[in-house]
1. Sort out which residues of the stretch 174-197 are modelled with pLDDT of 90 or more, over 17 Å from ALA239 (Cα atoms) and exposed (fewer than 14 other Cβ atoms within 10 Å of the Cβ), and write them in order of number.
2. Does ALA96 satisfy being touching a residue at least 24 places away in the same chain (Cβ under 8 Å), surrounded by fewer than 22 Cβ atoms within 10 Å (Cβ to Cβ) and either in the same structural domain as ALA22 (by TED's automatic domain parsing) or part of a strand (DSSP E or B) (or both)?
3. Could you tell me which numbered condition ALA260 fails, if it satisfies all but one of (1) closer than 15 Å to GLU183 by Cβ; (2) free of Cβ contacts under 8 Å to residues at least 24 places away in the same chain; (3) not in a loop (DSSP other than H, G, I, E, B)?
4. What residue, among those in the stretch 336-367 that are of a type outside the set (A, V, I, L, M) and in contact with a helix residue (DSSP H, G or I) (Cβ under 8 Å, 6 or more places away or on another chain), is nearest to LEU393 (Cα to Cα)?
5. Within the bounds of the stretch 213-231, is there any residue that is of a type outside the set (Ser, Thr, Tyr) and farther than 28 Å from ARG86 by Cβ?
6. Hey, among GLN8, GLN49, which residue is near the ligand (Cβ under 9 Å from one of its atoms), at negative phi and either crowded, with 24+ Cβ neighbours inside 10 Å or at pLDDT 95 or above (or both)?
Amino acid sequence: MDVSRPRQIVIAGAGIAGLTAAIAFARRGFAVRVFEQAPELAEAGAGIQLSPNATRLLDRLGVTEYFLPAAVRPERIALHDARRQRRIAEVPLGEAAEKRWGAPYLVVHRADLQSALKARAARDPDIEIATGARVSDAALHARGVTVSVDRGGAISESMPLLLVGADGVWSSVRAIGSGHHSERFTGEVAWRATLRRDSRAGAALAEIMPADQVSVFLDPRFHLVAYPVRGGSALNLVAIAKGSWNPLAKGPADPAPLEAAMRGVRGPLGTIVKDAGPWTFWPIHEVPAGLAWTARQGAALIGDAAHAMPPYGAQGAAMAIEDAVTLAELVAARPGDLTGALEAYEAARRPRVEQVAKRGRFNKWMWNAGGFVRLGRNMVLARRKPEQLAADLDWIYGFDAMTADAR
Ligand SMILES: Cc1cc2nc3c(=O)[nH]c(=O)nc-3n(C[C@H](O)[C@H](O)[C@H](O)COP(=O)(O)OP(=O)(O)OC[C@H]3O[C@@H](n4cnc5c(N)ncnc54)[C@H](O)[C@@H]3O)c2cc1C
């Protein structure tokens with residue numbers, strides 16, 4: 001590649017992937033421009049679990065200090081059979097996670113994480129973030145990549161060293177090479193709500209969902225995850241069930257399909273759909289494996305733009321953070337050899353992401369098991385010691401994307 005091209009990186013999208021990449025590239029001496037189509041940086045109200053493979057990177061990038069006061073360090077992940085309301089297994093977190101995986105397992109409100117990334121990026125004079133600015137086109141040619149940005153109808157062009165497509169599951173950067181978008185609706189929908197701990201419903205749920213843990217309720221027709229956010233003052237609820245999606249539908253989410261999936265569940269969990277809310281609706285899409293993530297002229301996809309996956313392993317954002325750091329480290333380590341850096345990026349990230357996605361598919365199969373498989377699952381999980389279940393996760397949570405081995 002042309003080594004005389006400026007060390008400028010253009011990033012499409014200021015979500016978790018884009019802002020992490022901006023910080024990681026600026027840290028290595030690149031000038032970064034982030035374009036975000038939304039008029040302002042605002043994250044919809046819901047929580048996110050940040051496993052140690054993500055928190056170790058956020059800490060090194062100087063992001064953690066900004067969200068730590070609002071984050072909660074849960075003591076365990078507890079798996080329950082939703083119909084029997086019985087705990088079937090648990091994975092120790094808290095101090096044990098930090099000791100085992102070298103970084104904490106944290107849960108946080110997305111708005112708090114977004115604000116932290118924004119505050120950390122603002123500290124760096126080499127990062128410029130423009131909102132209301134959509135990356136509308138990109139042309140790959142022999143000399144590199146030309147990026148067009150649309151700001152309310154005014155189009156500007158630039159020729160960076162690298163265009164990073166961090167523009168999410170509906171990525172338009174992904175469509176540059178193939179001309180089509182290729183994401184696919186999985187037939188499942190995520191309903192999300194936040195509940196105040198001191199509300200009547202919050203107090204009722206405390207019996208079955210202690211405040212210091214990530215609680216997962218399994219059922220053949222749905223699964224529901226609950227964990228504390230906002231320093232423990234609120235409970236984040238995410239439920240996933242089959243559903244349909246009409247891209248043209250407007251207005252508030254109707255949780256009736258979730259209510260139907262949870263019919264027959266007893267106690268406060270059975271009335272949670274009515275007691276909590278308003279519920280937001282997120283149609284779960286995935287990006288099929290096998291699409292190219294890089295173009296040697298100077299473009300790379302990271303995060304959901306490259307590999308959106310159903311959230312059965314709570315690893316989508318963690319993968320986005322790992323991608324961002326790996327890409328920045330590789331491009332910085334190979335000055336004058338962008339093609340080699342992009343090839344190395346794809347070679348390093350693809351097997352890892354595919355393995356994590358496979359684990360997510362396994363979780364889905366196990367979590368939604370019915371009949372004898374469900375009984376077998378409960379028996380097998382009940383027999384496994386918490387430490388054994390933790391050891392099964394070493395390859396995910398113990399991973400360090402900044403080490404040479406990871407590249
Ligand atoms: C229900 C649910 C629960 C989840 N829970 C977890 C969890 O606990 N832990 C975890 O690690 N992951 C979780 N995930 C996955 C995680 O949310 C995503 O993987 C992650 O947010 C992806 O971040 P991103 O930055 O790649 O994409 P996005 O967050 O989608 O950001 C893309 C950004 O690009 C902007 N954009 C789009 N097109 C353009 C353009 N052309 N020009 C400029 N800007 C553009 C968008 O406006 C947006 O701001 C969950 C997902 C779901 C659905």
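1. The answer is ARG184, and nothing else.
2. For ALA96, the condition - touching a residue at least 24 places away in the same chain (Cβ under 8 Å), surrounded by fewer than 22 Cβ atoms within 10 Å (Cβ to Cβ) and either in the same structural domain as ALA22 (by TED's automatic domain parsing) or part of a strand (DSSP E or B) (or both) - is not met.
3. (1)
4. The residue in question is ARG359.
5. yes
6. GLN49
Condition check ((1) closer than 24 Å to ARG134 by Cβ; (2) touching a residue at least 40 places away in the same chain (Cβ under 8 Å); (3) within 7 Å of the ligand (Cβ to nearest atom); (4) not basic (Lys, Arg)) across all residues:
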| residue | (1), (2), (3), (4) |
| --- | --- |
| ILE16 | yes, yes, yes, yes |
| ALA22 | yes, yes, no, yes |
| ARG28 | no, yes, no, no |
| ALA31 | yes, yes, no, yes |
| ALA38 | yes, yes, yes, yes |
| THR55 | no, yes, no, yes |
| LEU61 | no, yes, no, yes |
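Yes or no, residue by residue, for (1) among the basic types (Lys, Arg); (2) crowded, with 19+ Cβ neighbours inside 10 Å; (3) modelled with pLDDT of 90 or more:
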| position | (1), (2), (3) |
| --- | --- |
| ARG200 | yes, no, no |
| GLN213 | no, yes, yes |
| VAL229 | no, yes, no |
| LEU237 | no, yes, yes |
| ILE240 | no, yes, yes |
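The values are calculated or read from the model by the stated rules, or taken from the named source; none is laboratory data. Computed from a predicted structure; not experimentally measured. Because the Cβ atoms are built from the backbone with ideal geometry, glycine has one as well, and the counts that use them run over all protein chains shown.
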